[in-house]
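One structure below.
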């Protein structure tokens, strides 16, 4: 009997090993999320709300909802507040939690101009999201597909040598466009870069991949794909203000992400394969 059990175990092991060799299995992360009981938004007096000493998690959600950093938030008379602040931050921002179309893509970042938010995905699973302030009307952020290249924990802006940029990750080398920590006043205000809160800039700085260079003129492998999409109406009220009337007004669907990504998918997967081949 023991011999039969041993033979069966070895047979199962052989089949399992053969399956692993013949198939590429994508293992998705298991992310436990806490959803609020409901999603609604209203305006409150800023000083009054801050005087109630919200916990850090609640403050981070409110900063994201208003697309601001704390120093700018405290200067506002009134701010947008979710009715229920018990959930995780991704439930208050527009990107979908899962995009099945992106399962083959190991890493990708999206920046939405209309909603002034960003999202990072791993194999179709949202792993990080937050607010951004992108290029102002006279210096708009270019849209399309980019790849991360070089990064620097601290660097100086090419527009003004007095601007100190933290956690900078460049996505358009010649144009000097990248994401980094800098002031978030609550509207597109940059000189084409993608401004982030420090916690988000630091996260993406550590998470995204740099390019691999052959020499000063040639790239062997590009970095993490980045898609900047959509248009911002600079002459209209801030889009997120309409959330008081319709909490789903800015929601981005998985099908919309698929439509945005599909023209670039071949390039993204080609570069991903190059990086994987370098590891072997």
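Bear in mind these aren't lab numbers, they're just calculated from the coordinates by the rules spelled out. Just so you know, these numbers come straight off a predicted model, no measurement behind them. Please note: Cβ atoms are built from the backbone with ideal geometry, for glycine as well, and neighbour counts cover all protein chains shown.
Quick rundown of the values:
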{"item": "Projected label distance in nm at residue 234 and residue 164, using a 7 Å step from Cα toward the beta-carbon", "result": "2.9 nm"}
{"item": "Residues of region 190-205 with amide N under 20 Å of a point placed 7 Å along Cα→Cβ from residue 71", "result": "190-203"}
{"item": "Rounded Å value of the spacing that divides the Cα centres of region 44-80 and region 136-153", "result": "28 Å"}
{"item": "Additional length obtainable on full extension of the chain from residue 216 to residue 57, 0.36 nm per residue less Cα span", "result": "52.9 nm"}
{"item": "Förster radius 22 Å - calculated FRET efficiency between residue 34 and residue 127 (Cβ-Cβ, nearest 0.05)", "result": "0.90"}
{"item": "Relative contact order, percent, region 40-279 [alpha-carbon distance under 8 Å, six or more residues apart]", "result": "22 percent"}
{"item": "Pair residue 84, residue 50: separation of 7 Å Cα→Cβ label points (nm)", "result": "2.8 nm"}
{"item": "Between region 259-280 and region 109-128, the alpha-carbon center distance in angstrom", "result": "17 Å"}
{"item": "More than 23 angstrom apart: percent of Cα pairs within region 40-279", "result": "49 percent"}
{"item": "Mean Cα-pair separation over length for region 23-111, i.e. relative contact order, pairs under 8 Å, 6 or more apart, %", "result": "41 percent"}
